[in-house]
Amino acid sequence: MSTHPAPVAAATPATFTTFTTFTIGELAREFDLTTRAIRFYEDCGLLTPQRNGRNRVYTQRDRTRLKLTLRGKRLGLTLAEVKELVGMYETPRDTQPQLKKFLVVLATHRAQLEQQMADLKVTLDEVGAHEKEARRLLAKAAPKASG
């Protein structure tokens with residue numbers, strides 16, 4: 001991590017504070033990602049690093065957006081859904097619209113997962129039936145023990 005002076009607010013332009021920045025390598029290590037994956041998220045518009053020459057400089061905002069992106073991916077959301085939701089959190093004044101949208105996205109995703117689970121159950125039942133039939137045919141074909 002590195003620190004750079006930055007203006008605190010427009011009301012006090014002469015006042016500076018330090019804020020934390022990150023290199024692409026630091027974020028890659030922290031989140032166990034490749035630098036290529038981070039650049040991909042940048043290309044998708046999820047991250048907007050500053051530039052210092054040819055080097056990317058990521059802010060705490062970028063780090064948070066990356067963390068939310070990865071959380072959304074773990075939930076199985078599409079990148080378009082993640083981008084929309086992450087973008088909504090940029091203005092924390094009124095969180096109700098964000099939370100309502102998040103619930104809609106989660107409900108849709110839950111329905112998809114439940115359908116996949118039902119489909120998997122049907123497939124597992126079919127596999128079980130085929131296994132049972134194969135065992136029955138093997139037992140029927142096995143030579144009888146002489147007695």
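The values are calculated or read from the model by the stated rules, or taken from the named source; none is laboratory data. Note that the structure is predicted; figures quoted are calculated from it, not measured. Positions of Cβ are generated from backbone atoms using ideal geometry, with glycine treated the same way; all protein chains shown enter the neighbour counts.
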Has the stretch 99-116 got at least one residue that is out of contact with any Leu (no Cβ under 9 Å at 6 or more places or on another chain) and closer than 20 Å to ILE38 by Cβ?
no
Selection from the stretch 31-55 of residues assigned to a helix (DSSP H, G or I) and either in contact (Cβ under 8 Å) with a residue 12 or more places away in the chain or under 18 Å from TYR89 (Cβ atoms) (or both) yields PHE31, ILE38, ARG39, TYR41, GLU42
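Restricting attention to the stretch 132-140, does a residue exist that is at pLDDT below 90 and either exposed (fewer than 10 other Cβ atoms within 10 Å of the Cβ) or at positive phi (or both)? Give the steps one after another, and end with the answer.
Filtering the stretch 132-140 for residues at pLDDT below 90 gives none.
There is no residue in the stretch 132-140 that is at pLDDT below 90 and either exposed (fewer than 10 other Cβ atoms within 10 Å of the Cβ) or at positive phi (or both).
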Under the condition of being in a strand (DSSP E or B) and in contact with a helix residue (DSSP H, G or I) (Cβ under 8 Å, 6 or more places away or on another chain), which residue from the stretch 56-71 is nearest to PHE31 (Cα to Cα)?
TYR58
Can you pull out every residue in the stretch 48-64 that is within 30 Å of ALA111 (Cβ to Cβ) and in contact with an Asp or Glu (Cβ under 9 Å, 6 or more places away or on another chain)?
none
